[in-house]
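Reviewing the structure listed below.
What follows draws every value from the coordinates through simple rules; no lab data is involved. Nothing here was measured: the structure is a model prediction, and the numbers come from that model. Methodologically, a virtual Cβ is constructed for each residue, glycine included, from the backbone with ideal geometry; neighbour enumeration extends over all protein chains shown.
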Amino acid sequence: MDKLSFGKELVRIRKARGLTQAEVAEKCNLTIRTIQRIENGVVEPRAATIKIIAEFLEIDFFETSSQNSNFNRHKESWQIKKLFDLKTNTMKKVSILITTSLIAIYFLVTAFNKNNNIKGEYSKNDVTTKVKNETLSKDYVVVGKFGEIHKDWALVQKGNKFGFINRKGEIIVPIEYIAIGMFGEIHRDWALVQKGSEFGFINKSGKVVVPIEYNAIGMFGETHRDWALVQKGNEFGFINKVGKVVVPIEYIAIGMFGEIHRDWALVQKGSEFGFINKVGKVAVPIEYNAIGMFGEIASDLALVQKASRFGLMNFKGEEIISCKYESIQVKGSTAIVYINGETERIQIKR
């Protein structure tokens, strides 16, 4: 991202969240002049400055690929689409379309890693009871090294299924998973596992801590700092870091927190939209056919639609002008509305 693009992105996000340049400068311990020069593309901010601004806004300005891995990575796929341009109203319906390739993980299947070959060979000095393992090798082969995924376990394979054994050759995690991730890759204490087309988590004792019932699981902290996006069928929700469902799995789309409103995320049920807050509660009823960007039509307002009629919503989620007009324009503190061929002027109460 070049300096001009970064500046434009900063302007867009700052306005969408109803923040002034002064507020951003104060929170980031920068001067207003610095923010102005960054937004105008006059200067290229240092990496440290970008990091400070990104942490305050709780958003990543760059898509990074700093992980060096030999394993498969399936990333979230998000799309933001513009819905329509009606007469004098340009309105964006930000529908976050999440594909079934949502899972952002590294699957560790060391059988396919260049460091391990599936030949029934054991890593030297890893297994303490050779005779026992030679007997058990009829049932499975050791394809990983002790300590590679778990300090006391090694990955084993039987057919196309994987599990773990300890240093005595005892099966600790049943050989029933078609994929097993790295401990700590998505959650500090858990590893992602897969059975069939469903995912869940096991802990470092080998116990299932999140039921293996999700079609996709995202990265913790990707959308909300304490939650991970999960999918069942065609519906999405969130789980927290103890595996509890904190946002019901009932939405066909969920947006990024802070993308449209600094404290909310856009959600969709059927053809209707609303917002949830950062504790998972519905902040704006899911009853709108379209919701525009805050700050697009006016500094702290969003254009909203019910059926074919339009209204205005303030930053608190209150509908300050009812959705009954064919078209709306805002000039200063006045809304110019059109209905049944007539024009009216409404004073906006902020």
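Points to keep in mind about this one:
- Neighbour-count order for Asp152, Asp263, fewest beta carbons within 10 angstrom listed first: Asp152, Asp263
- Each of Lys316 and Ile32 was given a label point 7 Å from its Cα along the Cα-to-Cβ line. The distance between the two points is 2.7 nm.
- Between Ile339 and Glu23, the contour length at 0.36 nm per residue exceeds the alpha carbon distance by 109.9 nm.
- Cβ-Cβ FRET estimate between Asp300 and Val209, R0 fixed at 35 Å, reported to 0.05: 0.25
- Inter-label distance, Lys269 to Phe56: 3.7 nm, where each label sits 7 Å from its Cα along the C-beta direction.
- Residues Glu326 and Glu235, FRET efficiency given R0 of 35 Å [Cβ-Cβ distance, rounded to 0.05]: 0.55
- Paramagnetic reach from Arg12 (point 7 Å along Cα→Cβ, amide N under 20 Å) across the stretch 24-48: 24, 35-45
- For the pair Ala48 and Ser197 in one chain, pulling the backbone fully straight at 0.36 nm per residue adds 49.5 nm over the alpha carbon distance.
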